[in-house]
1. Which number in (1) of a type outside the set (Val, Ile, Thr); (2) under 24 Å from the mean Cα position of the chain (by Cα); (3) closer than 21 Å to Gly184 by Cβ marks the one condition that Pro52 misses?
2. I want to confirm something. Restricting to segment 422-474 and keeping residues that are more than 17 Å from Ser230 (Cβ to Cβ) and among the aromatic types (Phe, Trp, Tyr), which single residue is nearest to the chain's Cα centre (by Cα)?
3. Which of the numbered conditions does Val75 fail, given that it passes all the others? Conditions: (1) among the hydrophobic types (A, V, I, L, M, F, W, C); (2) more than 25 Å from Ala13 (Cβ to Cβ); (3) within 28 Å of the chain's Cα centre (by Cα).
4. Please verify whether Leu23 is in the same structural domain as Leu452 (by TED's automatic domain parsing), surrounded by 18 or more Cβ atoms within 10 Å (Cβ to Cβ) and under 21 Å from Gln473 (Cβ atoms), treating the condition exactly as stated.
5. Only one residue in Ile125, Ile93, Ile144 is closer than 25 Å to Tyr15 by Cα, outside any helix (DSSP H, G or I) and in contact with a Phe, Trp or Tyr (Cβ under 8 Å, 6 or more places away or on another chain), so which one is that?
6. In segment 184-215, which residues are assigned to a loop (DSSP other than H, G, I, E, B) and hydrophobic (A, V, I, L, M, F, W, C)?
7. Inside segment 510-537, can you point out the residues that are of a type outside the set (S, T, N, Q), surrounded by 13 or more Cβ atoms within 10 Å (Cβ to Cβ) and outside any loop (DSSP other than H, G, I, E, B)?
8. Looking at Lys18, Lys10, Lys48, Lys29, can you tell me which residue is in contact with a Gly (Cβ under 9 Å, 6 or more places away or on another chain) and of a type in the set (Lys, Arg)?
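The values are calculated or read from the model by the stated rules, or taken from the named source; none is laboratory data. All of these numbers come straight from a predicted model, not from anything done at the bench. With ideal geometry, Cβ positions are generated from the backbone for all residues, glycine too; neighbour counts draw on all protein chains shown.
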Amino acid sequence: MSQNLSILSKARAEYQPKLPVALRNGPLKVTIEKGEATESVRDQDAIKSLFPNTYGAPVLSFGESENPVIMGNEVNVGVVLSGGQAPGGHNVIAGIFDAIKANQGGSKLYGFLGGPSGLENAEYIEIDRLLMDQYRNTGGFDIIGSGRTKLETTEQFDKCIETAKKLKLDAIVIIGGDDSNTNGAILAEYFKSKNVSCSVIGVPKTIDGDLKNEYVETSFGFDTAVKTYSEMIGNIQRDANSAKKYWHFIKLMGRSASHIGLEAALQTQPNICIISEEVKEKGQTLGQVIDGIADIVAARAAAGKNFGVALIPEGLVEFIPEFGVLIGELNEALAHHEEEIKAAGETPEMVVVMPKYLTAESATLLQSLPVSIQAQLMLDRDPHGNVQVSLIETEKLVIEMVAKNLAARSDFKGAFAALNHFFGYEGRCAAPSNFDADYCYALGYSAAVLALNSMTGYMSSVRNLTQGIENWQAGGIPITMMMNIERRHGEDKPVIQKALVELDAAPFKYFVERRDQWAQEEAYTYPGPIQYWGPTEVADQTNFTIKLERGAM
């Protein structure tokens, strides 16, 4: 890491993250309260049969002990960064590091390089204090790197056991999203079945915001990423309102849920924000979505306003029912017949052979799309079997179809000049907000407490987040309680259930009550840069979504 730090970097390095009360006196003064046995959110019998050794564990809550501190035993802990980057990952590692060192100074933290493959292949470094101190409160995952290797075979699990034995690991902490934590739960179950004493613990990471429930109120990185995107959206809105001649269509990262789009809309109040979950609930076709957007463009043009800002969720096409069916059928076809399909040649040739694997409706839809979109829909799936929606240029497709829709309207006399943007990677590695810096450090510290107490198959949890850090509640939740069965790679698989935008919840209702006004007026708000220090009401605010969900505004 460069020693030529900016003034901001130096200031962030000196920031001391805050901890929940139960953790402030170190891991040796933490008590653990166990709740009732738990069940998975769905498919209980199937999940229980797949996880006989770890299913049904209780929710854990941490408290503060009054017993005198006695030095703990030395422990060895390994840490893995899995999947896409999210602001605050380095602080999770810092929390783990500080906790195990407070337990016993001779404890060691190993970082596996390049994600789960580093664990599988025993590629690692020891993270010492000098290295750790260079990365506190910084964005990115560059301390050890990340990767998307899926741990799913017995051979891979056995290699992980070899690594654990080589380093004499007491615990492995996997920092990742829903798929990565699912892998962690499967690994924990395998270790338990083989009587391997190494615990496996997860930490909830994803800027998408779709790893959440009663005990995981938000995944880390979401707060920072949306504040970063909202700053840029605000800048574009200011430009649109100044030039008054362009429509800006902004695709926002979020593979399978619209949490980022909704939160960004609450922060910036754009003219249009499409919520994928609403589109699916209403059963809207692509044409109906385009009609709704074109109606707003035309109404603003009639008022002399040939400009505006529209937010488009990255995963929109998966939620349009006809597209969702098409993608599902493509997933099945590519899972079982990829070699034959790819052998046909380029995209037009592949489209010709696809109808034999699709319903007539899906084949017609696929054939009606621009070749560029056809190609993007048939790209190789990611390691978890998901279509790579970030590579589908949805915003360009929407612009093209809105333009055609307006051109067909005899009463449209305005102008439609559109620009497209994709905000994704810009937010994944931003320096964490104060909230994420604190939250991630607490998650890491809690993960270490779980490790020190040999709690395997658990996810670190810090909740009650809108009530001030004095009231934050740390603990752990069994990963199996978040699981259900879903179709992946043509097979039924246990996975953590994704949390989508709830249409009957406060954040969406708040948005619906205001969006008609935002459509016609310039109600734009301009959040500006993330504030790291200053008045508490500026620097330490949580996002709109969590405040509305928890009744804090």
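1. (2)
2. Tyr439
3. Checking Val75 against (1) among the hydrophobic types (A, V, I, L, M, F, W, C); (2) more than 25 Å from Ala13 (Cβ to Cβ); (3) within 28 Å of the chain's Cα centre (by Cα), the one that fails is (3).
4. Yes, satisfied.
5. Sole residue among the options that is closer than 25 Å to Tyr15 by Cα, outside any helix (DSSP H, G or I) and in contact with a Phe, Trp or Tyr (Cβ under 8 Å, 6 or more places away or on another chain): Ile144.
6. If we filter segment 184-215 for residues that are assigned to a loop (DSSP other than H, G, I, E, B), which is where we start, we get 194-198, 206-215.
The answer is Val196, Cys198, Ile207, Leu211.
7. Tyr510, Phe511, Arg514, Arg515, Trp518, Ala519
8. Numbers: Lys18 fails: in contact with a Gly (Cβ under 9 Å, 6 or more places away or on another chain); Lys10 fails: in contact with a Gly (Cβ under 9 Å, 6 or more places away or on another chain); Lys29 fails: in contact with a Gly (Cβ under 9 Å, 6 or more places away or on another chain).
From the options Lys18, Lys10, Lys48, Lys29, the qualifying one is Lys48.
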